Amino acid sequence: MGLFTKDIKNMNDLFAHTLRDIYYAEKQITKALPDMVEKASDQQLKQGFQTHLRETENHVKRLEQVFQLAGLKAQGVDCPAIDGIIEEANEVAGEVEDKSVLDAALIAAAQAVEHYEMTRYGTLVAWAKQLGRSDCASLLQQNLDEEKAADSKLTSLAESNVNRKAA
Ligand SMILES: [Fe+2]
Ligand SMILES: [Fe+2]
């Protein structure tokens, strides 16, 4: 943000800013997920985090394609929201002693991340369409669909197995 001028002058600028926000967030998530793979005890959960790490690496690549299509430099902008979600997850995880309870805590934290991503992608898809960039919208929609699927998978894991073991 400029000190003396307002950097976001129109909808294209706002789209670019939000794209940079989720780009930064996805990169932070690729750094956080290996730790979650490490901490998870439930094998399906561990595997789920591992799979989503691969998907997340692909989200970064798709975003780079969107930047390119939009004629923008692929560049992140600090996103205090995702930093806060990850920081809180680490703090809570650090306080949990029991392995099964830790799995439940990891799922809750991961779902907070997925929901953050879903709001960003939902907004970006709508804006891309409005700005006449259906090419960008379809790439962003692919990321959104994978976030939604990851979120549903976490709900199933929690409700079918992890919560019962933790309780
Ligand atoms: Fe993602
Ligand atoms: Fe995700």
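Here is how the numbers come out for the structure above:
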{"read-out": "All positions within the stretch 59-118 that are over 20 Å from His17 (Cβ atoms), touching a Leu at 6+ places or on another chain (Cβ under 8 Å) and within 14 Å of ligand 1 (Cβ to nearest atom)", "value": "Ala110, Gln111, Glu114"}
{"read-out": "Residues being surrounded by 15 or more Cβ atoms within 10 Å (Cβ to Cβ), part of a helix (DSSP H, G or I) and among the acidic types (Asp, Glu) - total across the stretch 18-54", "value": "3"}
{"read-out": "Flag for Lys148 being part of a helix (DSSP H, G or I), modelled with pLDDT of 95 or more and within 11 Å of ligand 1 (Cβ to nearest atom)", "value": "yes"}
{"read-out": "From Leu144, Leu140, residue being under 15 Å from Ala25 (Cβ atoms) and either touching a Leu at 6+ places or on another chain (Cβ under 6 Å) or loosely packed, with under 15 Cβ neighbours inside 10 Å (or both)", "value": "Leu140"}
{"read-out": "Search result, residues across the stretch 3-21 that are aromatic (Phe, Trp, Tyr) and at pLDDT 95 or above", "value": "Phe15"}
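The values are calculated or read from the model by the stated rules, or taken from the named source; none is laboratory data. Everything quoted here is computed from the prediction, not taken from an experiment. For neighbour counting, all protein chains shown are included, and Cβ atoms are generated from backbone atoms with ideal geometry for every residue, glycine included.
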